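Chemist: First, the structure itself, so that you have it in front of you.
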Amino acid sequence: MHLLYVEDEAKIANFVCAGLKEQGFMVDYCDNGDEGYYRAVDNAYDVIVLDIMLPGKDGLAILKSLRQAGRNVPVILLTARNELDDRIEGLNLGADDYLAKPFFVEELVARIHAVVRRVSGEGQNLLCVGPIKLDRITHKVTCNQQTVELTTREFNLLEYLMRSPGRVFTRTQILEHIWGYDFNPNTNLVDVCIQRIRKKLDSFDGASSIESVRGVGYRFYKPET
Ligand code: CA
């Protein structure tokens, strides 16, 4: 799940980012409201976690602009304990939930799952293509009804491909999306990870689900309809 997190307090942000990544989220983080707003507009996030008091555009202003632009991405606001008016205003502006600081990362994760489930419905959190079922909430993957144990990275890669069956993704696209921008584009990380997933799926007769496209990259097999 791809998440935008806007927070100006570095100490809290480091802690929360680490906790979310540990839970398998792909986190885009920024520390000011203006950049946060541009990222929110430019990308299709599954959820946005917004601090209210921010340098630049504040959290409520970001939320308001997003909703005015017709963007209904789920938004969770982070508020200080005494900002009751802000919470009410936030909910009125179309926030999906709020969390008062200080909070436990586990609680934030639970809220994220709850709003994503509510907004998109169970249907979109369960990807089913051919013999493979992938649950974005529980992180459970089955192939021909058998549980496949994947690492977080393998899960994220499989999810990325499965979201668009038949679409070819280049190695660079996959690398940027799953590993971030800091890797040498000549690395073979993507190929190695794909081989591992295929090997695991192969135990349950599903290895052909991920197809290589020579000279380009990979795609998830799209069954004839
Ligand atoms: Ca703040």
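Chemist: Within the set of pairs 6+ apart or on separate chains, which have a first residue in region 210-225 that is without any contact (Cβ under 8 Å) to a residue 40 or more places away in the chain and at negative phi, a second that is charged (D, E, K, R) and not in a loop (DSSP other than H, G, I, E, B), and C-beta atoms under 8 Å apart?
Modeler: Matching pairs, first to second residue: Glu211/Arg219.
Chemist: Now for a separate question. I'd like to know if region 10-29 contains one or more residues that are within 16 Å of the ligand (Cβ to nearest atom) and in contact with a Gly (Cβ under 9 Å, 6 or more places away or on another chain).
Modeler: For region 10-29, residues within 16 Å of the ligand (Cβ to nearest atom) and in contact with a Gly (Cβ under 9 Å, 6 or more places away or on another chain): absent.
Chemist: Restrict the check to region 21-43 and report whether at least one residue is without any contact (Cβ under 8 Å) to a residue 12 or more places away in the chain and over 30 Å from Met162 (Cα atoms).
Modeler: no
Chemist: Please tell me if Asn82 is over 23 Å from the mean Cα position of the chain (by Cα), more than 16 Å from the ligand (Cβ to nearest atom) and either modelled with pLDDT of 85 or more or not basic (Lys, Arg) (or both).
Modeler: Taking the combined requirement at face value, the residue does not satisfy it.
Chemist: Would it be correct to say that Leu175 is part of a loop (DSSP other than H, G, I, E, B), crowded, with 17+ Cβ neighbours inside 10 Å and not assigned by TED's automatic domain parsing to the domain that holds Met26?
Modeler: no
Chemist: For Ile52, indicate whether it is surrounded by 20 or more Cβ atoms within 10 Å (Cβ to Cβ) and either modelled with pLDDT of 95 or more or of a type in the set (Asp, Glu) (or both).
Modeler: It is false that Ile52 is surrounded by 20 or more Cβ atoms within 10 Å (Cβ to Cβ) and either modelled with pLDDT of 95 or more or of a type in the set (Asp, Glu) (or both).
Chemist: For residues that are among the aliphatic types (A, V, I, L, M) and at pLDDT below 95, scanning just region 61-70, find the one that is farthest from the ligand (Cβ to nearest atom).
Modeler: So, considering only residues that are among the aliphatic types (A, V, I, L, M) and at pLDDT below 95, the one farthest from the ligand (Cβ to nearest atom) is Ala69.
Chemist: On to the next question. Among the strands (runs of 3 or more DSSP E) contained in region 44-123, which hold 3 or more residues that are in the same structural domain as Cys17 (by TED's automatic domain parsing) and touching a Leu at 6+ places or on another chain (Cβ under 6 Å)?
Modeler: The qualifying strands (runs of 3 or more DSSP E) are 47-51, 75-79.
Chemist: Return yes or no: is Glu159 touching a Cys at 6+ places or on another chain (Cβ under 7 Å), crowded, with 18+ Cβ neighbours inside 10 Å and outside the structural domain of Val16 (by TED's automatic domain parsing)?
Modeler: No, not satisfied.
Chemist: Suppose the filter is loosely packed, with under 15 Cβ neighbours inside 10 Å, assigned to a helix (DSSP H, G or I) and among the basic types (Lys, Arg); does Lys199 pass it?
Modeler: The answer is yes for Lys199.
Chemist: Just a yes or no: is a residue in region 108-131 under 30 Å from Ser209 (Cα atoms) and among the basic types (Lys, Arg)?
Modeler: Scanning region 108-131 turns up at least one residue that is under 30 Å from Ser209 (Cα atoms) and among the basic types (Lys, Arg).
Chemist: Of the residues Val73, Val49, only one is under 15 Å from the mean Cα position of the chain (by Cα) and within 13 Å of the ligand (Cβ to nearest atom); which?
Modeler: Val49
Chemist: Hey, among Val49, Val105, which residue is in contact with a helix residue (DSSP H, G or I) (Cβ under 8 Å, 6 or more places away or on another chain) and more than 16 Å from Glu35 (Cα to Cα)?
Modeler: Selected residue: Val105, the only one of Val49, Val105 that is in contact with a helix residue (DSSP H, G or I) (Cβ under 8 Å, 6 or more places away or on another chain) and more than 16 Å from Glu35 (Cα to Cα).
The values are calculated or read from the model by the stated rules, or taken from the named source; none is laboratory data. Remember, it's a predicted structure, so these values are computed and weren't measured experimentally. Reconstructed Cβ throughout: ideal geometry from the backbone, glycine too, with neighbour counts over all protein chains shown.
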